[in-house]
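Trainee: To start, I am sharing the structure in question, which I have written as structure tokens.
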Amino acid sequence: MRRPAAAKPAKKVQIKVKVKANARATAKAAEPAMDVAVGRRIRDLRRIRQFSLETVAARTELSIGFLSQIERGLSSPSLRVLATLADVLGVGIAALFGASPSADGASDQIVTRGLQRPELKLWRTGVSKQLLSPASADNRLNLFLVHLEPGGSTGDELYTHDGEEAGLVLEGEMMLTVDSETWSLKTGDSFRFASRRPHRFSNPTEDAKAVVLWVNCVTGTG
């Protein structure tokens, strides 16, 4: 008489599912905290410049209520909104990362260690930027490692800001629109354009992340 086959243990599968669930829960918990940190940095820069919410709202054409929500960490701004705010506050977007220049307070830091990279994660849009150059509100040239999740995008609307930018696609594929022209950039392709030209970018794929080495040079802030 044949014995029925023993059922395969599902313990390993259950453990893997549990680990993935815990990782997702941890990521979701960190997302609002990141919004709070960015909002606090924007509020501090606004107060340093002695700008009221009304002044910033008028110059950015954003509502006072929306700006207040951003500052309190209740809303996750897009890259377009952050770039607009950075222009009005007279800084490059790297200044919104909120990182200290260095542990000893020096303002002329030269090196950024791999484990010390500040990150600005725009989790609602699938875009994150790691700041590779030393953090300082006075920096005019900043180097980023931009990660675009599958389907990640700066949004449908073109945007502009001060400066000039260039980049190199390290992994995956990126769609770049400048003015009325759009390019499909793949690994090894590079680009450069004036940031005052209306632009947007996205990852058109559904199953692969794109990684771009990105340079921003701020030219018009004082």
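The values are calculated or read from the model by the stated rules, or taken from the named source; none is laboratory data. This one's a predicted model, so the numbers in the text were calculated from it and none came from an experiment. Cβ placement follows ideal geometry from the backbone for every residue including glycine, while neighbour counts extend to all protein chains displayed. Surface areas here come from the heavy atoms of the whole protein model, side chains and all, with no ligands, DNA or RNA. Shrake-Rupley method; radii C 1.70, N 1.55, O 1.52, S 1.80 Å.
Trainee: Mind telling me which of the residues 32, 77 ends up being at pLDDT below 85, of a type outside the set (Phe, Trp, Tyr) and within 18 Å of the chain's Cα centre (by Cα)?
Mentor: 32
Trainee: While we're on this one: If I go through the stretch 33-51 residue by residue, how many of them are in a helix (DSSP H, G or I) and open to solvent by 40 Å² or more (accessible area, probe 1.4 Å)?
Mentor: 10
Trainee: Could you please give the count of residues in the stretch 105-163 that are touching a Cys at 6+ places or on another chain (Cβ under 7 Å) and either within 17 Å of residue 85 (Cα to Cα) or open to solvent by less than 30 Å² (accessible area, probe 1.4 Å) (or both)?
Mentor: The number of residues fulfilling the criteria is 2.
Trainee: For the subset of the stretch 57-68 comprising residues that are in a helix (DSSP H, G or I) and open to solvent by 20 Å² or more (accessible area, probe 1.4 Å), which member is nearest to residue 89 (Cα to Cα)?
Mentor: 59
Trainee: Still on this structure, please answer the following. Run down 54, 71 and say which single residue is open to solvent by less than 40 Å² (accessible area, probe 1.4 Å) and at pLDDT 90 or above.
Mentor: From the options 54, 71, the qualifying one is 71.
Trainee: Among the residues of the stretch 165-205, write down those that are open to solvent by 80 Å² or more (accessible area, probe 1.4 Å), among the acidic types (Asp, Glu) and either under 19 Å from residue 80 (Cα atoms) or in contact with a Gly (Cβ under 6 Å, 6 or more places away or on another chain) (or both).
Mentor: 181
Trainee: Moving on to the next point. Kindly check whether there is at least one residue in the stretch 84-95 that is hydrophobic (A, V, I, L, M, F, W, C), touching a residue at least 40 places away in the same chain (Cβ under 8 Å) and in contact with a His (Cβ under 6 Å, 6 or more places away or on another chain).
Mentor: Scanning the stretch 84-95 turns up no residue that is hydrophobic (A, V, I, L, M, F, W, C), touching a residue at least 40 places away in the same chain (Cβ under 8 Å) and in contact with a His (Cβ under 6 Å, 6 or more places away or on another chain).
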